[in-house]
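Below you'll find the structure, written out as structure tokens, and then a few comments.
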Amino acid sequence: QKHLAQAEDWTGRRLLVTAGPTREPIDPVRFITNHSSGKMGYAIAEAARKRGAVVTLISGPTSLDAPAGVEVIPCQRASEMRDRVLERFGECDVLVMTAAVGDFAPADIHKEKIKKSGDQPLLLNLQPTPDILKEVAAHKTHQTVVGFAAESENVVQSALGKLQRKHLDLIVANDISAPGIGFQSDFNQVQLIRGADAIEVLPRLTKREVAGILLDRIRDLMPPARG
Ligand code: CTP
Ligand code: CA
């Protein structure tokens with residue numbers, strides 16, 4: 001009985017998920033990126049599709065296969081991910097930003113491969129990238145917006161700050177200093193935070209299990225389906 005209900009509970013909902021790292025070119029052969037594997041976002045996309053949602057996955061470079069039935073939109077730079085998200089945000093009901101968006105990008109991309117010059121150090125001028133979630137907030141109508149926060153200290157405090165600053169409905173916080181979870185791992189240990197007195201601490205689970213519980217909670221936050 002419970003299984004049947006769960007199999008259908010996202011039917012007709014349109015979910016936009018971002019996943020993976022971003023990649024910022026320095027020159028034609030080099031780039032700046034991070035350790036995100038994309039596993040958490042792909043697990044959410046796959047689980048939501050199986051529960052009936054129409055799912056679009058905006059993905060930075062990962063080694064993962066597209067989940068069956070999910071439209072995958074590839075991107076590399078943070079600015080590209082932002083453009084793709086803003087193009088699709090208006091038509092979604094829920095945005096889940098699992099992507100590890102790089103915070104800085106080279107101010108100018110060298111057209112030719114940078115050459116060594118003796119033992120001279122190379123200085124890169126890095127500029128902050130656009131904050132996608134903050135920009136999305138300005139376009140919010142009926143959408144439920146969920147962020148992720150990878151923290152190495154003051155986990156709850158930092159995540160609460162992001163919840164407010166980015167006008168999120170929910171933020172998923174994880175402590176990246178804990179061993180055996182997070183980046184690259186198949187496991188995660190997260191807290192689902194809706195406010196200072198609305199914090200759900202989950203045990204260490206597989207990313208697939210975390211995805212299932214997260215989709216349960218988001219479903220309960222969404223306004224009733226329209227039409
Ligand atoms: N995020 C975003 N655009 C950025 C950076 C982050 O939309 N340029 C999103 C992430 O996808 C995540 C949430 O914001 O859902 C929190 O990301 P995080 O890196 O933890 O927060 P930052 O605001 O970048 O702050 P900092 O890294 O300095 O802690
Ligand atoms: Ca960041």
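Taking the beta-carbon count within 10 Å as an exposure proxy, list LEU122, LEU15 from fewest neighbours to most. Could the numbers behind the result be given before it?
Values: LEU122 9, LEU15 25.
By the 10 Å Cβ count, ascending: LEU122, LEU15.
Of the DSSP beta bridges with both residues in the chain, give the percent that are antiparallel, rounding to the nearest 5.
Values: 16 of 41 bridges.
Around 40 percent antiparallel, to the nearest 5.
Run the reach check for LYS162 against aspartates and glutamates, Cα to Cα strictly under 13 Å, same-chain hits fewer than 8 apart removed. What comes back?
ASP131, GLU151
Counting other C-beta atoms within 10 Å, and keeping those with at most 16, which DSSP coil trypsin sites (Lys or Arg not before Pro) do you find in segment 85-123?
On the way: sites: ARG88, LYS111, LYS113, LYS115, LYS116; in loops: LYS111, LYS113, LYS115, LYS116.
Sites meeting the loop and neighbour criteria: LYS111, LYS113, LYS115, LYS116.
Output the antiparallel fraction of DSSP beta bridges having both residues in segment 27-159, as a percent to the nearest 5. Write out the running numbers ahead of the final one.
On the way: 4 of 12 bridges.
Counting only bridges with both partners in segment 27-159, antiparallel ones make up about 35 percent.
Each residue of segment 158-166 in turn: what ³J(HN,Hα) in whole Hz from Karplus with 6.51, -1.76, 1.60 and θ = phi - 60°, glycine and Pro shown as x?
Karplus-based 3J(HN,Hα) across segment 158-166 equals 5, 5, 4, x, 5, 3, 6, 4, 9 Hz.
With contacts defined as alpha carbon pairs under 8 Å and 6 or more residues apart, what's the relative contact order of segment 13-100 in percent? Show your work: numbers first, answer last.
On the way: 194 pairs, mean separation 37.9, N = 88.
After rounding, I find 43 percent.
Output ³J(HN,Hα) for segment 92-100: one whole-Hz value per residue in order, computed from phi by the Karplus curve 6.51 cos²θ - 1.76 cosθ + 1.60 with θ = phi - 60°, and x for Gly and Pro.
My calculation for segment 92-100 gives 9, 9, 9, 10, 10, 9, 8, 4, 8 Hz in order.
Starting with the highest mean, order 42-48, 201-207 by the number of other Cβ atoms within 10 Å, averaged over the residues of each peptide.
Details: 42-48: 26.6, 201-207: 14.7.
Ranked from most to least packed, the peptides come out as 42-48, 201-207.
With 30 Å as the limit, write out which pairs from LYS39/LYS140; LYS113/LYS207; LYS39/LYS134; LYS113/LYS134 have Cα-Cα distances beyond it, or answer none. Could you put the intermediate results ahead of the total?
On the way: LYS39/LYS140 27 Å; LYS113/LYS207 39 Å; LYS39/LYS134 24 Å; LYS113/LYS134 34 Å.
Correct reply: LYS113/LYS207; LYS113/LYS134.
Using helices alone, I'd like the mean residue ellipticity at 222 nm for the chain: each DSSP H run of four-plus residues gives -39500 (n - 2.57), total over residue count, nearest 500. If you can, show how the numbers build up before the last one.
Values: 6 runs with 63 residues, N = 227.
Theoretical 222 nm ellipticity from helices: -8500 deg cm²/dmol.
Once you list every other residue whose beta carbon is under 11 Å from the beta carbon of PHE31, what net charge do they have if Lys and Arg are +1 and Asp and Glu are -1?
Charge balance near PHE31 sits at +1.
Read phi for every residue in segment 210-220 and hand back ³J(HN,Hα) as whole Hz from Karplus 6.51 cos²θ - 1.76 cosθ + 1.60, θ = phi - 60°, with x for Gly and Pro.
4, 4, x, 5, 4, 5, 4, 5, 5, 4, 6
Search the structure for amide H atoms under 5 Å from the amide H of THR144, placed 1.01 Å from N in the peptide plane, and list their residues when 5 or more places away or on another chain.
Distant-sequence amide H within range of THR144: VAL94, LEU95.
Calculate how many DSSP beta bridges within segment 129-227 are antiparallel, expressed in % of all such bridges and rounded to the nearest 5.
Values: 10 of 16 bridges.
DSSP beta bridges in segment 129-227 are roughly 60 percent antiparallel.
Send over the semi-axes of segment 1-150's equivalent ellipsoid, whole angstrom and largest first, taken as the square roots of 5 times the C-alpha gyration tensor eigenvalues.
On the way: eigenvalues 244, 52, 25 Å².
Computed over segment 1-150, the values are 35, 16, 11 Å.
What do you get for GluC sites (Glu not before Pro) in segment 84-157 restricted to DSSP loop and a cutoff of at most 13 other Cβ within 10 Å of the site's Cβ? Mind dumping the intermediate values first?
Details: sites: GLU87, GLU91, GLU112, GLU135, GLU151, GLU153; in loops: GLU91, GLU112, GLU153.
Filter output for segment 84-157: GLU91, GLU112, GLU153.
Quick note: the coordinates plus some simple rules give every number you see, no bench work behind them. In this text, all values refer to a predicted model and were calculated from it rather than measured experimentally. Cβ: placed from backbone, ideal geometry, glycine included. Neighbour counts: every protein chain shown.
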